[in-house]
Amino acid sequence: MAFISTTIIAVKKDGKVVVAGDGQVTANNTVMKGNARKVRRLLDGKIVVGFAGGTADAFTLTELFEKHLKSKNGDLTRAAVDTAKEWRSDKALRQLDAMMIASDGKKIFLMTGVGDVIEAEDDAIAIGSGGNYALASAKTSLALCKEHDLKLSARDIAVRALEMASSLCIYTNSNFTIEEIQG
């Protein structure tokens with residue numbers, strides 16, 4: 001699945017996770033809205049999610065995920081797996097056209113409608129049309145921090161990554177929503 005109209009990035013560094021996304025909503029070749037919030041907190045702020053895809057589908061997925069978080073007492077891994085299982089096996093939910101990144105500050109997962117629950121590798125993961133640009137930028141920044149003792153925070157790296165994506169992807173704007181969570 002490749003989604004246009006957004007970029008969501010999650011970066012983990014120094015015991016913190018930042019999930020950030022742009023605010024552009026696009027219908028075909030028209031920008032419909034520039035300040036959408038595609039990054040949100042769930043479970044009384046204990047979980048941060050970012051989503052890409054159809055708006056109604058993303059909200060449905062977010063509600064489903066929060067239901068599983070509550071039933072699993074906030075266990076991110078179990079809730080992510082149960083969400084992906086239900087999403088893949090339910091006839092109506094299977095039609096949802098969205099992807100989601102979720103973090104509890106310790107782990108970061110990407111969930112898809114084909115049953116994938118992917119844990120972030122190298123402390124960064126991204127989705128959306130600008131996701132590959134953002135991910136390349138974040139991984140480069142993380143590597144530079146390690147190799148050259150560069151002092152960038154997870155937030156700095158996520159913002160740089162979104163700036164890169166918004167400069168290259170026409171479906172990504174520079175109106176960012178950024179949420180940080182402690183691990």
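The values are calculated or read from the model by the stated rules, or taken from the named source; none is laboratory data. On a predicted model such as this, the values are computed, not experimentally measured, just so you know. Please note: Cβ atoms are built from the backbone with ideal geometry, for glycine as well, and neighbour counts cover all protein chains shown.
Remark: pairs (first residue in segment 123-140, closer than 18 Å to residue 38 by Cα; second residue modelled with pLDDT under 95; Cβ separation under 6 Å; 6+ apart in sequence or on different chains) = 127/52; 127/99; 128/3; 128/6; 128/52; 129/4; 129/171. Can you name the residue in segment 47-71 that is surrounded by fewer than 23 Cβ atoms within 10 Å (Cβ to Cβ) and of a type in the set (Gly, Ala, Ser) and, of all such residues, is nearest to the chain's Cα centre (by Cα)? Ranking the candidates gives 54 first.
Residues of segment 115-137 that are within 18 Å of residue 7 (Cβ to Cβ) and either in contact with a Ser or Thr (Cβ under 8 Å, 6 or more places away or on another chain) or part of a strand (DSSP E or B) (or both): 118, 124, 125, 126, 127, 128, 129, 130, 131, 133, 134. Taken together, the residues in segment 17-30 that are crowded, with 16+ Cβ neighbours inside 10 Å and assigned to a strand (DSSP E or B) amount to 7.
State the number of residues belonging to segment 121-148 that are buried (at least 18 other Cβ atoms within 10 Å of the Cβ), farther than 24 Å from residue 26 by Cβ and at pLDDT below 95. Adding up the residues that qualify gives 0. Scanning segment 3-15 for residues that are within 17 Å of residue 159 (Cα to Cα) and either surrounded by fewer than 16 Cβ atoms within 10 Å (Cβ to Cβ) or free of Cβ contacts under 8 Å to residues at least 60 places away in the same chain (or both) turns up just one, 14. The residues of segment 59-114 that are among the basic types (Lys, Arg), part of a loop (DSSP other than H, G, I, E, B) and modelled with pLDDT of 95 or more, listed by number, are 72, 106, 107.
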